[in-house]
Amino acid sequence: MSTKKSNKTLKIVQVALFAILIFCISNIAIAESRVIKVKSENKNLSKQINEIKNTNQKLNEENQKLQSSIDEKKSSYEEKMKNVKIAYLTFDDGPSKNTLDILKTLKEYNVKATFFVNGHEELTPLYKKIAEEGHALANHTYSHNYKTIYSSVNNFENDIKKLDNFLTQITGKEPTHVFRFPGGSNNTVSRKYGGKTIMKDIIKQMDKEGYVYFDWNVDSTDASAFRQNKDKIVSSVINQSKHTNKAVVLMHDLNPKTTTVQALPEIINGLKAQGFVFDVISKNSPQTQFIKVNNLK
Ligand SMILES: [Zn+2]
């Protein structure tokens, strides 16, 4: 009896073990099939990653090609621009009694110029006319008073901004942030009022404020005499312009400077004969400066 019972128990244990074995085997099989699935998913993902990497590389290569073709075009454009002869006629200190005659000649010859003006409250319509006829109104300080503007950096900046506001009120246009120092950036008179470093200090401050200043490389010499000889003005401009492709011509729009007005047609014809075209000065124009702001930093 007891042998029989123990046989039965053994059988039950055997069945149970067998069941456990089947259970384990099936679980292993499931696990294995999962591993296989994950592996194949992994393989697919790796494939996709590789494809993305390849596409990325191709895009990078195309990008590099485009960039170098842009660089090439840019430098060939700059090279071409270097050889283009551009004259920037500039008139300082106006408006004046001569402004209308200057405008008339410029219109006749279809030439645009840059007027570095001061603040003359009584001549408001002239500023408007200059702007309406397509010329550039640029800043030559409101007062042009050396003692005032060169006593301190603040004084200079305030005087420039006073003229900016004055011009904006008249023309309704935003200031161009282009200016010219009375006396030029290399003047030494300013030291008398603001000390040795006043010009450097002003240049740095105005650069910080987003302004660009322009001196000149062609002097008409119309300021060298109360009323300069007309032929001397013409020959000065024509001779000095021979040495540059970008001529920034200094002239004056002041009551006594009637010979400048008379010289203007010959100046325009002479420059045209040398192959110059005419343009107005903007912040992006090639900078003609006696003192470079970058050298001061
Ligand atoms: Zn001036």
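PRO286 fulfils the conditions (1) at pLDDT below 95; (2) more than 31 Å from the chain's Cα centre (by Cα) except for a single criterion, (2).
On the stretch given as region 168-187, residues that are of a type outside the set (D, E, K, R), away from the ligand (no atom under 16 Å from the Cβ) and in contact (Cβ under 8 Å) with a residue 12 or more places away in the chain total 5. Looking at region 97-139 only, could you name the residues that are within 30 Å of LYS192 (Cα to Cα) and open to solvent by less than 10 Å² (accessible area, probe 1.4 Å)? THR114, PHE115, PHE116, VAL117, ASN118, ALA138, ASN139 - these are the residues of region 97-139 that are within 30 Å of LYS192 (Cα to Cα) and open to solvent by less than 10 Å² (accessible area, probe 1.4 Å). Of the residues making up region 115-173, those that are within 20 Å of THR188 (Cβ to Cβ) and part of a helix (DSSP H, G or I) are TYR146, LYS147, THR148, ILE149, VAL153, ASN155, PHE156, ASP159.
In region 140-158, which residues are within 16 Å of the ligand (Cβ to nearest atom) and either touching a residue at least 60 places away in the same chain (Cβ under 8 Å) or open to solvent by 40 Å² or more (accessible area, probe 1.4 Å) (or both)? Listed by number, the residues that qualify are SER143, HIS144, ASN145, TYR146, LYS147, THR148. Right, SER220: in contact with a Leu (Cβ under 8 Å, 6 or more places away or on another chain), within 30 Å of ASN155 (Cβ to Cβ) and in contact (Cβ under 8 Å) with a residue 24 or more places away in the chain or not? Yes; evaluated as a whole, the condition is true for this residue. When region 231-259 is filtered for residues that are in contact (Cβ under 8 Å) with a residue 24 or more places away in the chain, more than 16 Å from the ligand (Cβ to nearest atom) and either open to solvent by less than 60 Å² (accessible area, probe 1.4 Å) or within 13 Å of ARG180 (Cβ to Cβ) (or both), the ones remaining, listed by number, are ILE233, VAL234, VAL237, ILE238, SER241, THR244, ASN245, LYS246, ALA247, THR258, THR259.
The values are calculated or read from the model by the stated rules, or taken from the named source; none is laboratory data. Since the structure is predicted, the reported quantities are computational estimates derived from the model, not experimental observations. Glycine also receives a Cβ, built like all others from the backbone with ideal geometry; neighbour counts cover every protein chain displayed. Side chains are part of the model used for accessible areas, which takes the heavy atoms of the whole protein and leaves out ligands, DNA and RNA. Shrake-Rupley method; radii C 1.70, N 1.55, O 1.52, S 1.80 Å.
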